[in-house]
Amino acid sequence: MELVRRPIYVPRERGLMIAELLGGKENRNTGSYNREDCRRWSERFAIPMSYPDPNVFRERAKRWAVLPFEREELPARAFYAADASKRDLLDEALFEAAWVEGLNVNEPATIEWAAKRARLDPERLMTELAEPGPAEEVRSALAEFERLQCPGVPTVLVNGRRFFGKDRVD
């Protein structure tokens with residue numbers, strides 16, 4: 001079986017405060033439970049993970065509203081701009097940036113940080129992610145996400161069947 005990663009972004013019209021792990025639209029108890037449950041999964045699989053305070057997310061959301069790219073579009077474009085042989089390394093570095101180091105992956109400085117960790121040229125990556133190719137790939141990935149009626153992130157498709165969320169990892 002081959003795993004194909006297809007990063008997407010969050011269009012502004014869907015709203016900025018959607019991430020249930022960091023204080024999105026759900027009630028406080030749901031967000032608290034999801035953070036606790038993700039912590040259990042990260043411990044189970046020995047994945048380092050820490051959560052920024054929900055207030056950090058709210059502050060970032062103010063900035064996301066005025067950034068040139070939509071939320072998570074910058075890291076998605078970086079993924080598609082990277083050489084295919086380095087995409088897994090960049091993906092790992094972006095995860096580390098967001099969920100271990102507490103960095104904002106929607107900021108160019110964080111993309112550059114992750115590029116260095118993935119042994120990519122940060123300047124070249126930033127130039128290439130602004131090209132039409134990565135922009136088309138990220139829009140295509142979002143269109144595919146919608147066409148397949150994915151309920152959210154992560155959704156994994158296996159033989160045409162959808163599996164959504166961390167509770168479906170096994």
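Quick check on F95: is it without any contact (Cβ under 8 Å) to a residue 12 or more places away in the chain, in a helix (DSSP H, G or I) and surrounded by 14 or more Cβ atoms within 10 Å (Cβ to Cβ)?
yes
With the condition kept exactly as written, say whether any residue in the stretch 79-89 is at pLDDT 95 or above and under 18 Å from P11 (Cβ atoms).
yes
Sort out which residues of the stretch 99-112 are touching a Ser or Thr at 6+ places or on another chain (Cβ under 9 Å) and either in a loop (DSSP other than H, G, I, E, B) or closer than 22 Å to A84 by Cβ (or both), and write them in order of number.
Residues satisfying the conditions are V100, E101, G102, L103, N104.
Using the structure shown, decide if A141 is out of contact with any Ser or Thr (no Cβ under 7 Å at 6 or more places or on another chain), closer than 15 Å to V4 by Cβ and crowded, with 17+ Cβ neighbours inside 10 Å.
Against the criterion (out of contact with any Ser or Thr (no Cβ under 7 Å at 6 or more places or on another chain), closer than 15 Å to V4 by Cβ and crowded, with 17+ Cβ neighbours inside 10 Å), A141 qualifies.
Of the residues in the stretch 29-51, how many are surrounded by 14 or more Cβ atoms within 10 Å (Cβ to Cβ) and not in a helix (DSSP H, G or I)?
The qualifying residues number 2.
Got a sec? Which of R60, R87, R77, R124 is on the phi < 0 side of the Ramachandran plot, free of Cβ contacts under 8 Å to residues at least 12 places away in the same chain and in a helix (DSSP H, G or I)?
Testing whether each residue is on the phi < 0 side of the Ramachandran plot, free of Cβ contacts under 8 Å to residues at least 12 places away in the same chain and in a helix (DSSP H, G or I) leaves just R124.
Can you say whether V158 is of a type in the set (V, I, T), more than 17 Å from the chain's Cα centre (by Cα), within 18 Å of R6 (Cα to Cα) and exposed (fewer than 12 other Cβ atoms within 10 Å of the Cβ), as far as the supplied structure shows?
Here the answer is yes, as V158 does meet what is asked.
Kindly indicate whether A115 is in a helix (DSSP H, G or I), in contact with a Leu (Cβ under 7 Å, 6 or more places away or on another chain), farther than 20 Å from P52 by Cβ and in contact (Cβ under 8 Å) with a residue 40 or more places away in the chain.
no
The values are calculated or read from the model by the stated rules, or taken from the named source; none is laboratory data. The model shown is predicted, which means the values in this text are computed figures rather than measured ones. Heads up, the Cβs are rebuilt from the backbone with ideal geometry, glycines too, and the neighbour counts pull from every protein chain shown.
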